[in-house]
Amino acid sequence: MDSFLDELSTGLKKSCGVDYQARKYLVAVSGGGDSMTLLHGMSQILRQDQLVVAHFNHALRGKASQLDEKLCRNFCQRLRIPFHTEKGKGQCT
């Protein structure tokens, strides 16, 4: 995990500059493994007040969609990271 955190820190530094630890970040999460790993890593190298999480529940997969939203919400509550969500109508257009 340390090499992942090192790579994440390096990537943030390259993308956002040397003051990356003084910025705020909006992290969009789906509840899937990739976005939750990214959020967990960012929560390890940044302060909670630097993070805001956004989740959009498309409501296309029934209970699975609800569980993804719940996972994201619970993770953020546990770490005291602000969490914002919106919900779709569950229809494809």
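The values are calculated or read from the model by the stated rules, or taken from the named source; none is laboratory data. Treat the numbers as computed from the prediction; the structure is a model and nothing was measured. Counting neighbours? That spans all protein chains shown, and the Cβs are built from the backbone with ideal geometry, glycine included.
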Sort through Gly41, Gly62 and tell me the only one that's small (Gly, Ala, Ser) and either modelled with pLDDT of 95 or more or under 13 Å from Arg80 (Cα atoms) (or both). Gly41
Hey, can you tell me all the residues within the stretch 19-29 that are in contact with a strand residue (DSSP E or B) (Cβ under 9 Å, 6 or more places away or on another chain) and without any contact (Cβ under 8 Å) to a residue 40 or more places away in the chain? Lys24, Tyr25, Leu26, Val27, Ala28
